[in-house]
Amino acid sequence: MKVLVTGGAGFIGSHIVDALLEQGHEVVVVDNMSTGFAQNVNRQAGLYTMSICDANLEELFAQERPEVVNHQAAQMVIQKSVENPIFDAEENILGSLNVILNCVRFGVKKIIYASSGGAVYGDPVRLPVKEDYPVNPVSQYGVSKHTVEHYLHVYETQYGLGYTVLRYANVYGARQNPEGEAGVVAIFARQMLRGETPTIFGQGNKTRDYTHVSDVVRANLLAMERGKGIYNIGTGVETTDQEMFDTLAELLGYKDVPRYEPVRKGEIYRICLNSSLAGMELGWQPQLSLRQGLLQTVSYYHRRFASRGIE
């Protein structure tokens, strides 16, 4: 099967590309390289350096004729969405609509869409959050990611475009860009290895649901053939910022204490996801514990920094 992966040079997308190729699929990547890296892209995949907002995306679809589109490309920095909501909407809403329209135009069987379980629900009062919990985002990023879910429903209803939405928890693992706001594991690891002082925004009691990228990749593979609608992809376990800092400090041998600064606009206080629906309909469950995943991730950063120096 031929699969087009948007954002396939990025953190999650590049892992999905690798897994698809291992399964024998033909893979084409489109990425504007704003946060992705060419070295992340498997050499067996075709690569187009292009924005999903580009009008020429139609030519790519016409030439490649993908059967499935895995849509990972996005502006994903919450603070950037707060500061420049028009740019966020252009990238995440209009760019996604460009992808969806071309899916319909060229007969794509299914689109798999990466949404955000950490942003669309806002600050829920009941945890872990299920898919039927009221959506009430507190950031412009959360609004833009959720808006695309509505478009997918409309284009399924009007044109029969199959889709699966995966609402990710906080994903971490190898290749995560430490320049990204959402990549706290990568950010803390690089700062600790540099001997810098990591910053915790708030008092350290904000919580997130950390899910290893390998588990997220499996959900995407399962969604190729299963699942209709929206699914949470998370562990259901809350981890505080302080717990994450302390665990990474232990694994990396970091001895200093963090800096504490005020919580930033658009950030939620607590979140973790109930993924039982994904278990029932996709056959998915997380396999790696947080400690297992962090051990793998820390090993990656040690190798990366040892071979290239501290970046």
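Coordinate-derived values only; no laboratory data. Treat the numbers as computed from the prediction; the structure is a model and nothing was measured. Using ideal geometry, Cβ is built from the backbone for each residue, glycine included, and neighbour counts are taken over all protein chains shown.
Report yes if residue 59 is farther than 26 Å from residue 229 by Cα and without any contact (Cβ under 8 Å) to a residue 60 or more places away in the chain, otherwise no. Yes; evaluated as a whole, the condition is true for this residue.
Residue count for the range 150-171, restricted to those that are surrounded by fewer than 19 Cβ atoms within 10 Å (Cβ to Cβ), outside any loop (DSSP other than H, G, I, E, B) and of a type outside the set (Phe, Trp, Tyr): 7.
For every residue, the table says whether it meets (1) part of a loop (DSSP other than H, G, I, E, B); (2) surrounded by fewer than 23 Cβ atoms within 10 Å (Cβ to Cβ); (3) under 16 Å from the mean Cα position of the chain (by Cα).
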| site | (1), (2), (3) |
| --- | --- |
| 34 | yes, yes, yes |
| 42 | yes, yes, no |
| 73 | yes, no, yes |
| 81 | no, no, yes |
| 86 | no, yes, no |
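If you go through the range 121-130 and keep only what is in a loop (DSSP other than H, G, I, E, B) and farther than 20 Å from residue 92 by Cβ, you end up with 123, 124, 125, 126, 127, 128, 130.
Contact list please: Cβ distance under 6 Å, first residue in the range 99-119 and on the phi > 0 side of the Ramachandran plot, second residue not in a helix (DSSP H, G or I), pairs at least six apart or on different chains. No pair meets every condition. Considering only residues that are of a type in the set (D, E, K, R) and part of a helix (DSSP H, G or I), look in the range 131-149 and name the one that is surrounded by the most Cβ atoms within 10 Å (Cβ to Cβ). Looking at residues that are of a type in the set (D, E, K, R) and part of a helix (DSSP H, G or I), I get 145.
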